[in-house]
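Colleague: Quick one: this structure, given as structure tokens, is what I'll be asking you about.
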Amino acid sequence: SVEELTQAVQDFLEGTRRREAARGFFETAQRHWEWCAALHDEETELLERERELATTLDPWLPLSEKAELVEAGRRLAGLATDLAEGYERAVSGCEQALSHDPDHPNARALLADIYLDRFHRAERDSEAGHQRYFEHRVQQYDDGRHASVLRGTGALSLVTDPPGALVLCERLDRTGLVARPGERRNL
């Protein structure tokens, strides 16, 4: 009937509108994530420069001679704020895209990437609680691309001089502030 056809056309158009809205939100999220990537690059350079300055400048030098070190620290603090804002906007854009199109694969993949980045940062900063949270968020959105990273398996290659040297690996079991030797393996 005409009524059924009209309803089918309206349903189709509504789905198209929702997908277009989702695409717009995703594109906004992607721009914010690209901004975060540029901030990451700047942060990496600044951290490297800050470490270099901290090891080469004598601690007793006057503050005026440590101006570059102080400025690097100040800029790093500002980057942390900018990154938090960029993360929030990228995540928000993806979530808005998913609210319009729950199966939007690009929004899901970008969320997995964002949360994996946050997972690595929490790991680097020894923040176990945040690490666990972001691990679960990656698992929620991951399409399998990050499964091997989350399993935590890896490989280590050693070249010894002289060749064939005995190499032992020993686990350290930590209890409070004390680390005690644990299981030992021949690599």
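The values are calculated or read from the model by the stated rules, or taken from the named source; none is laboratory data. A quick note: this is a predicted structure, and the numbers were derived from the prediction, not measured. Glycine gets a Cβ as well: all are built from the backbone with ideal geometry, and neighbour counts include every protein chain shown. Note: areas computed on protein heavy atoms with side chains; ligands, DNA, RNA excluded. Shrake-Rupley method; radii C 1.70, N 1.55, O 1.52, S 1.80 Å.
Colleague: Nearest 500 deg cm²/dmol is fine: what mean residue ellipticity at 222 nm does the chain get from its DSSP H runs of n ≥ 4 alone, each adding -39,500 (n - 2.57), divided by its residue count?
Modeller: The helix-only estimate for the chain comes to -24500 deg cm²/dmol at 222 nm.
Colleague: Sequence gap at least 6, Cα distance under 8 Å: using those rules, report the relative contact order of region 99-166 to the nearest whole percent.
Modeller: 30 percent.
Colleague: So if I average 1/r over every pair of distinct C-alpha atoms in region 98-187 and take the inverse, what Kirkwood radius in Å does that give?
Modeller: That comes to 16.2 Å for region 98-187.
Colleague: In terms of the Cα gyration tensor, with a ≥ b ≥ c the square roots of its eigenvalues, is region 111-161 rounded because a/c is under 1.5, prolate because a/b exceeds b/c, or oblate?
Modeller: Oblate.
Colleague: Quick check: at a probe of 1.4 Å, how many percent of the accessible area of region 37-183 sits on carbon and sulfur atoms?
Modeller: That fraction is 52 percent.
Colleague: I'd like to check one number: the per residue accessible area of the chain, probe 1.4 Å, reported in Å² as a whole number.
Modeller: Accessible area per residue, the chain: 70 Å².
Colleague: Something else about it: Please report, to two decimal places, log10 I(q)/I(0) for region 56-96 at q = 0.16, 0.19, 0.27 Å⁻¹ as given by the Debye formula with identical point scatterers on the Cα atoms and no solvent.
Modeller: Taken in order of the listed q values, log10 I(q)/I(0) reads -0.55, -0.63, -0.86.
Colleague: Determine the relative contact order of the chain: mean sequence separation of Cα pairs under 8 Å and six or more apart, normalised by residue count, in whole percent.
Modeller: On the way: 146 pairs, mean separation 34.6, N = 187.
Averaging sequence separation for qualifying contacts and normalising by length gives 19 percent for the chain.
Colleague: Let me ask something additional. For a bin width of 10 Å, list the pair-distance distribution of region 36-77 built from all Cα-Cα distances, rounded to whole %.
Modeller: P(r) for region 36-77, in whole percents per bin: 29, 51, 17, 3.
Colleague: What is the sum of charges, Lys and Arg at +1 and Asp and Glu at -1, for the other residues whose Cβ falls under 15 Å from the Cβ of residue 110? Display every interim value, and only then the final one.
Modeller: Numbers: positive: 23, 31, 89, 108, 118, 137, 145; negative: 27, 34, 88, 95, 101, 103, 113, 117, 142, 143.
After counting each charged neighbour, the total is -3.
Colleague: Please turn the phi angles of region 173-187 into ³J(HN,Hα) values with the Karplus equation 6.51 cos²θ - 1.76 cosθ + 1.60 (θ = phi - 60°), one per residue in order, whole Hz, x for glycine and proline.
Modeller: 9, 9, 10, x, 8, 9, 10, 10, x, x, 4, 10, 10, 8, 7
Colleague: What Kirkwood hydrodynamic radius, in Å, does the chain give when the mean of 1/r is taken over all pairs of distinct Cα atoms and then inverted?
Modeller: This gives a value of 21.1 Å.
Colleague: Across 10 Å bins from 0, what is the distribution of all Cα-Cα pair distances for region 7-60, in whole percents?
Modeller: Whole-percent P(r) values from 0 Å outward: 20, 21, 18, 15, 12, 8, 5, 2.
Colleague: Treating only the Cβ atoms of Lys and Arg (+1) and Asp and Glu (-1) as charged, compute the dipole magnitude of the chain about its Cα centre; round to the nearest 20 debye.
Modeller: Using only the charged Cβ atoms, the result is roughly 740 debye.
Colleague: Follow-up. Pick out, from 165, 47, 8, the residue whose Cα sits farthest towards the positive end of the charge dipole of the chain, with +1 on the Cβ of Lys and Arg and -1 on the Cβ of Asp and Glu.
Modeller: Sorting the options by dipole projection puts first 165.
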